[in-house]
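The values are calculated or read from the model by the stated rules, or taken from the named source; none is laboratory data. Please read all numbers here as calculations on a predicted model, not as lab measurements. Using ideal geometry, Cβ is built from the backbone for each residue, glycine included, and neighbour counts are taken over all protein chains shown. Ligands, DNA and RNA are stripped out before the accessible areas are found, and what is left, the full protein with its side chains, is counted by its heavy atoms. Shrake-Rupley method; radii C 1.70, N 1.55, O 1.52, S 1.80 Å.
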Amino acid sequence: MHTLANPAAPATVVLSTSGTTVEDVIAVARGNARVELSADAVGALAAARQIVDALAAKPEPVYGVSTGFGALATRHIGPELRAQLQRNIVRSHAAGMGPRVEREVVRALMFLRLKTVASGHTGVRPEVAQTMADVLNAGITPVVHEYGSLGCSGDLAPLSHCALALMGEGDAEGPDGTVRPAGELLAAHGIAPVELREKEGLALLNGTDGMLGMLIMAIADLKKLYTSADITAALSLEALLGTEKVLAPELHVIRPHPGQGASADNMLRVLEGSGLTGHHQDDAPRVQDAYSVRCAPQVAGAGRDTISYAITVAERELAAAVDNPVVLPDGRVESNGNFHGAPVAYVLDFLAIAAADLGSITERRTDRLLDKNRSHGLPAFLADDAGVDSGLMIAQYTQAALVSEMKRLANPASVDSIPSSAMQEDHVSMGWSAARKLRTTIDNLTRIVAVELYAATRGIELRHGLTPAPASQAVIAAVRAAGVQGPGPDRFLAPDLAAADAFVRSGALVAAVEPVTGPLA
């Protein structure tokens with residue numbers, strides 16, 4: 001899984017009791033920022049632990065402290081078995097299967113679990129929290145597998161594999177990228193394995209941290225992709241000799257969706273000074289451009305507004321303490337359902353739907369550029385010698401295959417539920433699954449935008465005698481310098497497409513435009 005480039009992250013992130021920020025999650029997950037616990041977090045951890053210890057000493061059973069878990073919560077566990085109980089829940093729940101999850105996802109997962117632990121609502125000892133920070137700071141990444149979370153009672157299997165590494169068991173990847181037994185890696189970095197006590201095993205694996213981490217990174221990637229898609233839409237409009245009049249701000253202010261206005265403004269600024277837009281009025285009048293061109297701001301803008309809603313959900317979850325049971329300030333330890341992933345799962349699915357539609361409209365513009373009957377004078381498939389050359393015919397096939405997969409991935413995971421734990425956990429969110437498919441969707445969307453970039457820049461260059469916008473000229477110069485070749489006879493196309501993909505993925509497309517347009521939304 002490849003992700004879009006991110007700006008330089010802060011070197012150190014300090015966790016307090018009040019949650020964390022989107023920027024801090026990305027700094028730790030992708031930027032390897034160091035993690036420290038604030039003094040108030042350490043104090044809150046110690047205070048909550050005193051409450052748990054007091055309850056553990058009482059004869060009355062308390063869920064998670066002196067009982068079994070899930071459907072086994074009715075059994076009271078004596079003091080002599082409680083350490084074993086906490087070890088066992090971690091070992092038994094570390095039952096993931098399938099391919100390894102990406103390093104950045106695991107780092108986000110661990111950091112977000114530490115965020116909740118640092119809230120002082122979990123009853124975990126300060127030394128366990130410090131070990132979690134030490135493992136992150138050492139660059140040790142537990143091996144976590146693709147399957148094992150239903151997005152309810154937390155991302156159980158993924159978090160359990162992380163907790164297992166804290167105990168010095170299982171496998172983990174070192175900072176050099178080599179997978180070794182976790183105990184060896186801890187020893188090599190001078191980290192003592194934790195000996196879990198009452199409630200601590202449960203507290204380490206009972207949160208929405210994996211799906212939330214993937215949501216936060218998806219938001220960051222999609223924000224950049226939507227700006228890139230506005231740019232390529234503007235380039236396609238220009239190559240098709242479309243009219244920029246539909247982008248006028250007075251048309252968008254009367255339908256005041258913020259995202260729509262932002263996308264229209266981005267496109268208008270890219271097209272400023274173009275000698276191609278509206279040129280069709282001189283020789284082949286068109287009353288209106290096709291929907292895929294004319295409605296680009298409406299579709300992309302709706303996606304932007306979806307991202308804004310997703311940010312609201314993510315920020316609320318970042319301020320939350322997600323555990324069961326939780327330690328309350330008045331000394332109570334209460335069971336709850338805050339671990340249910342529905343709020344996060346819904347927006348993960350919503351983003352996949354919006355991204356699929358953006359991929360779909362992007363592909364339609366590319367297809368229009370290649371069709372000589374609809375491209376207003378461009379050669380068939382943008383080929384050098386159509387018939388002898390096939391041009392970009394199969395590049396559009398590849399784009400269409402990616403769009404088709406995105407449509408399948410847009411089927412919501414959160415509408416499904418498979419009961420588990422002997423019907424105690426009889427409704428689950430499938431939020432982890434929603435997050436996993438969204439990551440694939442974002443990868444596909446990046447490639448789809450790259451194909452449009454490839455086709456649109458070639459189309460503009462084939463409009464001989466007409467002068468493109470200064471921003472378009474800047475894009476063409478930058479993308480050619482990056483190894484994406486221009487018009488000409490057929491050649492091995494995959495390397496060009498890979499270079500275009502890298503150009504979009506790295507943020508170079510936006511970087512090429514903004515010196516001309518100013519910062520884009």
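Brief remarks follow.
- Per-residue SASA entry for residue 416, accessible area with 1.4 Å probe, Å² rounded to 10: 70 Å²
- For the set 34, 269, solvent exposure ranked by accessible area (probe 1.4 Å, protein chains only) runs largest to smallest as 34, 269.
- Estimated from the Cβ-Cβ distance and a Förster radius of 41 angstrom, the FRET efficiency linking residue 187 and residue 305 is about 0.25.
- Calculated FRET value between residue 394 and residue 315, using beta carbons and R₀ = 51 Å, to 0.05: 0.75
- Summing Lys and Arg as +1 and Asp and Glu as -1 over all other residues whose Cβ lies under 15 Å from the Cβ of residue 416 gives a net charge of 0.
- Charge tally around residue 83: other residues with Cβ under 10 Å, Lys/Arg +1 each, Asp/Glu -1 each, net -1.
- Share of carbon and sulfur in the accessible heavy-atom surface of the chain [1.4 Å probe, %]: 56 percent
- Computed extension gain for residue 404 through residue 54, at 0.36 nm per residue and net of the alpha carbon distance, reaches 120.3 nm.
- Over the range 25-95, relative contact order from alpha-carbon pairs under 8 Å, at least 6 apart, %: 14 percent
- Taken along the Cα-to-beta-carbon direction at a fixed 7 Å, the label points for residue 426 and residue 467 span 7.3 nm.
- With every protein chain in place and a 1.4 angstrom probe, the accessible-area ranking of 385, 443, 371, largest first, reads 385, 371, 443.
- For residue 35, the amide hydrogen comes within under 5 Å of the amide hydrogens of 13, 137, counting only partners 5 or more places away or on other chains and with H modelled in the peptide plane.
- Per-residue ellipticity at 222 nm, computed for the chain from helices alone with -39500 (n - 2.57) per DSSP H run of at least four residues, works out to -17000 deg cm²/dmol.
- Extension gain, residue 380 to residue 40, is 115.7 nm, computed as 0.36 nm per intervening residue step minus the present C-alpha separation.
- Answer label for volume of the Cα convex hull per residue in Å³ (calculated), chosen among (1) 222; (2) 169; (3) 151: (3)
- Intensity falloff of the range 379-461 expressed as log10 I(q)/I(0), Debye formula with alpha-carbon point scatterers, at q = 0.22, 0.26 Å⁻¹: -0.99, -1.15
- Stretch gain in nm, segment residue 255-residue 373, where the contour uses 0.36 nm per residue and the Cα spacing is subtracted: 39.2 nm
- Anisotropy class assigned to the range 18-147 is oblate, per the alpha carbon gyration tensor with a/c at or over the 1.5 cut-off and a/b no larger than b/c.
- P(r) for the range 227-342, from all Cα pairs and a bin width of 5 Å, is 2, 11, 17, 15, 11, 8, 6, 6, 6, 5, 5, 4, 2, 1, 1, 0 %, short bins first.
- Residue-by-residue Karplus 3J(HN,Hα) for the range 210-220, coefficients 6.51, -1.76, 1.60, Hz, glycine and proline x: x, 5, 5, x, 5, 5, 4, 5, 5, 4, 4
- Each of 291, 397 has its accessible area taken with a 1.4 Å probe; listed largest first, they run 291, 397.
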